[in-house]
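The values are calculated or read from the model by the stated rules, or taken from the named source; none is laboratory data. Nothing here was measured: the structure is a model prediction, and the numbers come from that model. Methodologically, a virtual Cβ is constructed for each residue, glycine included, from the backbone with ideal geometry; neighbour enumeration extends over all protein chains shown. Ligands, DNA and RNA are stripped out before the accessible areas are found, and what is left, the full protein with its side chains, is counted by its heavy atoms. Shrake-Rupley method; radii C 1.70, N 1.55, O 1.52, S 1.80 Å.
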Amino acid sequence: MKVPRLITLALACILSVAAASAKEKISVGILDGPSSIPAAYLMHKHKTGSRQLSFTSFASPQILLPKMIKGEIDIGFFPPNVALKAYNSTGGAILCAGITETGCLFLVTQDTAIKQLSDLRGKKVHSAGHGATPEYMFKWLLAQNGIPADTDDGIQLDYSIAPKELPAQLISGKVHYALVPEPFATVAVQKSSQSVRALDIQQLYAEATGNPEATYPITVMVVRKKFAEQHPELVRQFMKDFSKAIAWTNSNPKKAGEFVELHLKTLSADIVNASIPTSNFVWKGAAEARPEIEKNMQLFLDFAPESIGGKLPDEDFYFK
């Protein structure tokens, strides 16, 4: 009778360890571009033997989102309006964990005559972020300044070129005006002495709102609701880890660049190092972030309700 009991206890221990190991593994989806930069620190820590994290890079939110809905990715990063639209359209399948980055959009050009938005009248601006923060924030700013979008006497917007390709197109002269986030703005100005950040969209937003301290979220961390319900402590630990990664990245831009080049191979270390001071990486947990997110989403609701799924989030949108 003792042998079966020992076998039973051994099996129970094995199953317990297996279950614990499974719970410790988190699948993280990151986007090519700024959201991947702080993640490189965690990727490096993971490679040297810390927590079980699996990272996958995606070219766009539209590719990442279905993976989260299917349960293949546990934690991801999205423009806030894309996250809210997904929440509204899926019955709350994903939750907002916090803000990881605020305004880091710039109008980059080689035209030194561009000093304000009105100087762009009659010109074509190639923009990153079709259907996300860059498009709607820029359109909102144009409306605040009485400048029509997509008309002959206003500004023509073009989304046909991928964000990471815009710097090269700008430098070659095929594109004259580009609205891009960091680190792509840095790519353009670092690789061509004639390229300048003519307009800071963060500054224009603060001026339009009448609040010099106003910021707008450009990236939020989201988590699958089912995963959050099953493993809330794992989610909280990852949030802590990522907040530390952001703080470390802001304080160690040179080393952060080396990690990005080593683990992601999407950007050079020099570009990452130069872009971090203007990338505005922050960590604001869901409770702290809620007022800023809702103020910004109200802007979207007023200007383009379809961009957030037609309504503001309820309190269940925010991971507790």
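For the reader, a short list of remarks on this structure follows.
- Residue check, GLU207 touching a residue at least 60 places away in the same chain (Cβ under 8 Å), surrounded by fewer than 16 Cβ atoms within 10 Å (Cβ to Cβ) and charged (D, E, K, R): no
- Scanning the range 269-298 for residues that are open to solvent by less than 60 Å² (accessible area, probe 1.4 Å) and among the hydrophobic types (A, V, I, L, M, F, W, C) yields ALA269, ILE271, VAL272, ALA274, ILE276, PHE281, VAL282, ALA286, ALA289, ILE293, MET297.
- Any hit, the range 232-245, residues being within 20 Å of the chain's Cα centre (by Cα) and among the aromatic types (Phe, Trp, Tyr): yes
- For the range 135-145, the criterion of a residue being modelled with pLDDT under 95, more than 26 Å from LYS85 (Cα to Cα) and more than 25 Å from the chain's Cα centre (by Cα) is satisfied by at least one position.
- Test: residue in the range 299-315 that is touching a strand residue (DSSP E or B) at 6+ places or on another chain (Cβ under 7 Å) and surrounded by 19 or more Cβ atoms within 10 Å (Cβ to Cβ): no
- Residue, modelled with the highest pLDDT, within the range 33-49, restricted to residues that are among the hydroxyl-bearing types (Ser, Thr, Tyr) and assigned to a helix (DSSP H, G or I): TYR41
- You will find that of LYS226, LYS254, LYS244, the residue that is surrounded by fewer than 17 Cβ atoms within 10 Å (Cβ to Cβ), in contact with a strand residue (DSSP E or B) (Cβ under 9 Å, 6 or more places away or on another chain) and part of a helix (DSSP H, G or I) is LYS244 and no other.
- Failed criterion for ALA198 (all others in (1) under 17 Å from LYS124 (Cα atoms); (2) modelled with pLDDT under 95; (3) among the hydrophobic types (A, V, I, L, M, F, W, C) hold): (2)
- Flag if GLU229 is out of contact with any Pro (no Cβ under 7 Å at 6 or more places or on another chain) and more than 17 Å from LEU105 (Cβ to Cβ): yes
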